[in-house]
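The values are calculated or read from the model by the stated rules, or taken from the named source; none is laboratory data. Here the structure is a predicted model, which is why all the values come from computation and not from measurement. Using ideal geometry, Cβ is built from the backbone for each residue, glycine included, and neighbour counts are taken over all protein chains shown.
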Amino acid sequence: MNPNPPESGRLDVEQSTEERLRRENEDLRRRLQEHEAREHGVAPRGVWHPSGLTITVILLGLTVLIVAAFFAGYIPLRKRQALIQSEAQAFEQSLPRVEVIQVERSSPRSELVLPGSIEAVTEAPILARADGYIKRRMADIGDRVKAGQPVAEIEAPELEDQVRQAKATLEQTQAVLDQAQASLEQGKANMGIAKLTADRWRELAAQGVVSKQDNDNYQAQYQAQVANVQALEKAIAAQRGTIAAADANLSRLNEMESYRIVKAPFDGVITVRNVDVGALVTTGSTLLFRIAQTSTLRTYVNVPQTNASSIRVGQPAHLSVSNLPGRTFTGTVTRTAKALDPNSRTLLVEVQVPNADGALLPGMYAQVDFSNSRPDPPVVIPSDALIVRADGTQVAVVGPDHTVHMHKIVVGRDYGDRLEVLSGLQTGDSIMTNPGDSAREGAQVNPVSATEKPTSAK
């Protein structure tokens, strides 16, 4: 049998209890009146004046009546509430149990850490510009040098002979020029005498003193002297050109001879040395040293397409290297490629970092942090909460009535274990962390916080 009577049965019991208590109260009052009448020998009439004993009995009866009504009404009500609660708990236990979390916004600081390669801002090879043998080496790897500082000396005897030969050639052409100038002066003197003679013979021929043939001979001699002077002037001009060529050749050889002293092109550190004393070097093909400017370094980072729009010139960046734990170097984004690599879909970004103490070295592998603050950070969800179906990307939102609603979302950055949601969710929404078959529109579930540990059965 059912230990709890139905609702109609409980009401009948309550009514019968009240009726019985009322009859007992009336019977008690009647017996009290008869007792007073017997004591005074008269029947009660007019207004009734109860005695103290009567009042006590009446109060006692009322107390009994209230207690009886309490036990007859309150206890069944409590049983009914307990029954309803137990039925609700049984209904909840029959629903599928799912873990949910509250949707929260991501950190107001945008996190973007990418690997980068450190390189020198300026790096150049130092090649031989003269043929010969290394006579002295004045620098080695790791040495800091200044611009114009000698780092090696090349012994080139053939070049020295060429310089002496060029000097002799220049002196020879200068002597030929001097000789040509002397010939020109002599030619000009002869031309003056020939002109004077020609003028005289022209006057005599005009007077008929001399023959016309003699006059023509002297006139021809004068013209010959004029042509000779012009030839000498052109010879001098040509000789001056020869002298200029000889002088240029001598200057070239002197410049090449100055290359016997190899100098640093700028301030930096010698990172490579390929030769030693006695090594044979040839012009333009032998690498002597490699120099790098390390006071400021640049780091190249390949930024994925999803994050390329957040990188801007002038943005601060923080570098860290594994061999210097706990130390961070602050740099600045100086330039970007302004285009994505079609093969990797990444944007090449250059970050320059001051390196006054030389702690960073070219060729190091670094982690570059481009994190910055965001005024309106998007919400973030676990990656396992994402549902990808034919109708789009969704998440399962559990409402206050324990009903599942499917929300379409737009995904932003992917952090691996977490995803940014740009639209489709609000802060405070409860979503299923690991949706299964129960993740369907309108389904009833029993939500449990993902941090809540289920109690074990006793």
task = Go through region 266-296 and give me each residue that's assigned to a loop (DSSP other than H, G, I, E, B) and surrounded by fewer than 19 Cβ atoms within 10 Å (Cβ to Cβ).
result = Phe266, Asp267, Asn274, Asp276, Val277, Gly278, Ala279, Thr282, Thr283, Gly284, Ser285, Thr286
Output for region 307-326, where each listed residue is among the β-branched types (Val, Ile, Thr) and surrounded by 14 or more Cβ atoms within 10 Å (Cβ to Cβ) = Ile311, Val321
note = The residue from Ala182, Ala205, Ala189 that alone is assigned to a helix (DSSP H, G or I), of a type in the set (A, V, I, L, M) and touching a helix residue (DSSP H, G or I) at 6+ places or on another chain (Cβ under 6 Å) is Ala205
request  = Only residues that are free of Cβ contacts under 8 Å to residues at least 24 places away in the same chain, surrounded by fewer than 16 Cβ atoms within 10 Å (Cβ to Cβ) and not aliphatic (A, V, I, L, M): list them for region 213-251, please.
outcome  = Gln213, Asp214, Asp216, Asn217, Gln223, Gln230, Lys234, Gly241, Ser251
query = Is at least one residue of region 249-259 touching a helix residue (DSSP H, G or I) at 6+ places or on another chain (Cβ under 7 Å) and closer than 12 Å to Ala128 by Cα?
reply = yes
Verdict on Leu204 being without any contact (Cβ under 8 Å) to a residue 12 or more places away in the chain and over 30 Å from Tyr300 (Cβ atoms) = yes
key: Number of the exception - Val210 against (1) free of Cβ contacts under 8 Å to residues at least 24 places away in the same chain; (2) under 30 Å from Leu159 (Cα atoms); (3) not basic (Lys, Arg); (4) not in a helix (DSSP H, G or I)   = (2)
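Is it the case, given these coordinates, that Ala152 is small (Gly, Ala, Ser), surrounded by 13 or more Cβ atoms within 10 Å (Cβ to Cβ), out of contact with any Cys (no Cβ under 9 Å at 6 or more places or on another chain) and assigned to a strand (DSSP E or B)?
Criteria met by Ala152.
Out of all the residues in region 174-193, is one or more in the same structural domain as Asp247 (by TED's automatic domain parsing) and of a type in the set (Val, Ile, Thr)? Reasoning before the result, please.
Let us first name the residues in region 174-193 that are in the same structural domain as Asp247 (by TED's automatic domain parsing), namely 174-193.
Checking which are of a type in the set (Val, Ile, Thr) leaves us with 176, 193.
Yes, region 174-193 contains at least one residue that is in the same structural domain as Asp247 (by TED's automatic domain parsing) and of a type in the set (Val, Ile, Thr).
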inquiry  = On the basis of being assigned to a strand (DSSP E or B) and in contact with a strand residue (DSSP E or B) (Cβ under 8 Å, 6 or more places away or on another chain), does Leu419 make the cut?
reply    = yes
